[in-house]
Amino acid sequence: MTAPSRRKLTTACKTLAAADPALGRAYEELGVPEWRVGDPCYAALCRLIAYQQLSTKAAGTIWGRTEAMFGEVTPEAVLAADPEAIRACGMSRPKVRHMVSIAEAMTTGLLDLERVCASDLDLARKELVSVKGIGPWTAELFLLYSVGAMDAFPVGDVGLMEAHKLLSEAETRMEIKEFTAHAACWQPYRGVAAHLLWGWINDRRAKAAQPSPQA
């Protein structure tokens, strides 16, 4: 998979900046965000599952153990493995079940990632979420990172809502329903908006973590 071209991202950022002052501020401070890129494969889905509801550091450790165990995380390898061995890497039982469910869907043809990549966004979403273990958040992130869909959008992502609150200088964060409705004005570039917001808040946190210069 290749990320959208810089020209397309620049056009999208300018459109978003005109539509939403918060995104305009993010674009002014950050510039064109770096697009996160991943391969459209089974391992990418499993990695997203590993990272659910965990800190980046903890999830990275668990995923590293999982990769070390398999060498290459494939549907065939997961189906042949002892589920308890996967759990020993740090995966919860539900996450192991989801890995197995997705592997079964891929080996039976219920889920075809080449077809997902070639489909329009709505059809791709439907195929992904039809598989047990792939919820809307996982599907949208896969479509963002591995397919490069510029309008994929992980509804309810707390990081996005917090970044928008800070950029808007609002006292409280929008509720999910309100934020989702607000994000409708970002179409067809909601995925670019997500990258802008993530990029801005990650940059802000990185700067805050830097030690203060010695007096």
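Things worth noting here:
- Any hit, the stretch 119-130, residues being of a type in the set (Lys, Arg) and surrounded by 15 or more Cβ atoms within 10 Å (Cβ to Cβ): yes
- The residues of the stretch 10-66 that are within 22 Å of Leu111 (Cβ to Cβ) and of a type in the set (A, V, I, L, M), listed by number, are Val37, Ala43, Ala44, Leu45, Leu48, Ile49, Ala50.
- Filtering Leu54, Leu23 for residues that are in a loop (DSSP other than H, G, I, E, B) and out of contact with any Asp or Glu (no Cβ under 9 Å at 6 or more places or on another chain) leaves a single hit, Leu54.
- Filtered by the rule that a residue be part of a helix (DSSP H, G or I) and modelled with pLDDT under 80, the stretch 194-212 gives a lone residue, Ala209.
- The set of residues from the stretch 134-144 being surrounded by fewer than 21 Cβ atoms within 10 Å (Cβ to Cβ) and in contact (Cβ under 8 Å) with a residue 12 or more places away in the chain comprises Pro136, Trp137.
- Extreme residue, most open to solvent (accessible area, probe 1.4 Å), among residues of the stretch 47-100 that are basic (Lys, Arg) and under 20 Å from the mean Cα position of the chain (by Cα): Lys57
- Residue ID - most open to solvent (accessible area, probe 1.4 Å), chosen from residues in the stretch 146-183 that are part of a helix (DSSP H, G or I) and in contact with a Pro (Cβ under 9 Å, 6 or more places away or on another chain): Ser168
- Pair list, Cβ under 8 Å, 6 or more apart: the stretch 153-164 residue aliphatic (A, V, I, L, M), other residue surrounded by 15 or more Cβ atoms within 10 Å (Cβ to Cβ) and assigned to a loop (DSSP other than H, G, I, E, B): Leu160/Pro154; Met161/Arg173; Met161/Met174
- Test for Ala193: is it out of contact with any Gly (no Cβ under 9 Å at 6 or more places or on another chain) and buried (at least 21 other Cβ atoms within 10 Å of the Cβ): yes
- Exclusive hit being under 19 Å from the mean Cα position of the chain (by Cα) and of a type in the set (Lys, Arg), set Arg36, Arg25, Arg6: Arg36
- Qualifying positions in the stretch 57-102 - of a type in the set (Ser, Thr, Tyr) and closer than 26 Å to Val116 by Cβ: Thr66, Thr74, Ser92, Ser101
- So Asp20, is it touching a residue at least 60 places away in the same chain (Cβ under 8 Å) and surrounded by fewer than 12 Cβ atoms within 10 Å (Cβ to Cβ): no
The values are calculated or read from the model by the stated rules, or taken from the named source; none is laboratory data. Values in this document were obtained by computation on a predicted structure and should not be read as measured data. In this analysis, Cβ positions are derived from the backbone assuming ideal geometry, glycine residues included, and neighbour counts consider all displayed protein chains. What goes into the accessible areas is simple: the full protein's heavy atoms, side chains included, and nothing from ligands, DNA or RNA. Shrake-Rupley method; radii C 1.70, N 1.55, O 1.52, S 1.80 Å.
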